[in-house]
Structure formats: C-alpha cells, structure tokens
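The values are calculated or read from the model by the stated rules, or taken from the named source; none is laboratory data. What you are looking at is a predicted structure, and each value in this text was computed from that prediction instead of being measured. Every residue, glycine among them, receives a Cβ derived from its backbone with ideal geometry; neighbour counts consider all protein chains shown. All accessible areas refer to the heavy atoms of the entire protein, side chains included, with ligands and DNA or RNA removed. Shrake-Rupley method; radii C 1.70, N 1.55, O 1.52, S 1.80 Å.
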Amino acid sequence: MQTEHVFLGERDRSRRTAETLQHALVTVTDILSGTLLMSLVGLLVLSILSRDLLHVPIPWLEEIATLVTIYAVAFASIGAWTRGAHIAVELVPLSIKGRWHDRYGVFLQLFSLAFLCLTAWGAFEMMERSVNNRTTALSLSFSIYYGGLLLGFAGMALASVLRLWSAFSNSSNPKD
C-alpha cells in the first residue's frame, strides 16, 4: 500500500512538472511573439514614413519585416498549440465518451507529433537546400526564413511531447 502511494505521488509530481513546462513555454512564446509583432508594426510605420513622408524608401525593411513576421507566427503557433487554442474540428472527440476519449486524445497527439516531426524535417531539408539562395537587399540566406518554420514545427512537436507526458502521467490510474 505504501509503495502504491509513493508511485502515485511520483506520477503526480511528473504531471505537475510537465504542466509547469507547458505553462513556461506558453509564457515565453507569448512574450516573444508579442514583442516581434510590435517590432513588425514599428518596421511598417518606419517604412511608410520613410517612403511617403521623407521620399527615401528603405528597401531592406521589407526583408526584415518578412523575417520578423515568420518568427512571430512561429512563436505564436507554438503558444497556440501548447494551449490547445488552434482551430480544430471537435465532432469526433465529442462523440467519444469515457476511457476511449482519453485514448483518442493520446492517439491524436501521437499522430500530430509524427506530422510535426515530418514537417520540421522538411523545413530542415529546405534550410540545407536554400543556403546559397540570397535575398536582394541584404543578401540574407533564405535558410534563415526556413529556420522560422523549423522553429515553429519543432516547438509544436515539443508541446505535443509535453502534452503526452502529462497525459501518461495522469492516465495510468491503478484503479483501471
């Protein structure tokens, strides 16, 4: 009886650790995506002022704005995926009840994790292939743009791993 209590306490601690890491991931990605979004607004205002008011267009602002947008979306997608705030169709999960609902959730996370790992791998492949392709104004490698995609997909995969960790820590109840 004592070992069962210790086992349950250890599992509860593991679940709390996973949830704490998920909360930290959401906080960090929200701060970064918000900061990048405000930077994007500043870059666009600067671009408009320099082009229309001063009549001195700054061509590299568009490249930097594109880069900031990609990374802002990457961080925001990690936060949304971790919170479960992404767009989803909930018809199947609503029709499944009881123990099978949890199992369906685990299956969906495993399937999502496989998909996210494949897309991250694809982004990494594109990074490698586009190293020598350069932007016009700043001569930045296109691989830095694909790095934002890699970051987003890898971060969402990490969030799925944390969600699975939490689910496995929570689900194996000895009463079942």
If residue 99 passes every condition in (1) surrounded by 14 or more Cβ atoms within 10 Å (Cβ to Cβ); (2) touching a residue at least 12 places away in the same chain (Cβ under 8 Å) but one, which one does it miss? (1)
Does region 136-158 hold any residues that are over 30 Å from residue 110 (Cβ atoms) and not small (Gly, Ala, Ser), and which are they? 136, 138, 140, 142, 144
For region 102-126, how many residues meet the condition of being touching a residue at least 40 places away in the same chain (Cβ under 8 Å) and open to solvent by 60 Å² or more (accessible area, probe 1.4 Å)? 3
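Residue 82: part of a helix (DSSP H, G or I), in contact with a helix residue (DSSP H, G or I) (Cβ under 9 Å, 6 or more places away or on another chain) and crowded, with 17+ Cβ neighbours inside 10 Å, yes or no?
It is true that residue 82 is part of a helix (DSSP H, G or I), in contact with a helix residue (DSSP H, G or I) (Cβ under 9 Å, 6 or more places away or on another chain) and crowded, with 17+ Cβ neighbours inside 10 Å.
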Hey, does region 40-54 have a residue that's farther than 26 Å from residue 153 by Cβ, outside any helix (DSSP H, G or I) and free of Cβ contacts under 8 Å to residues at least 60 places away in the same chain? yes
When the residues of region 127-152 are filtered to those that are in contact with a Phe, Trp or Tyr (Cβ under 6 Å, 6 or more places away or on another chain) and surrounded by 17 or more Cβ atoms within 10 Å (Cβ to Cβ), which remaining residue is farthest from residue 71 (Cα to Cα)? 127
Counting only residues in region 153-175 that are open to solvent by 50 Å² or more (accessible area, probe 1.4 Å) and over 15 Å from the mean Cα position of the chain (by Cα), the one nearest to residue 73 (Cα to Cα) is identified as 165
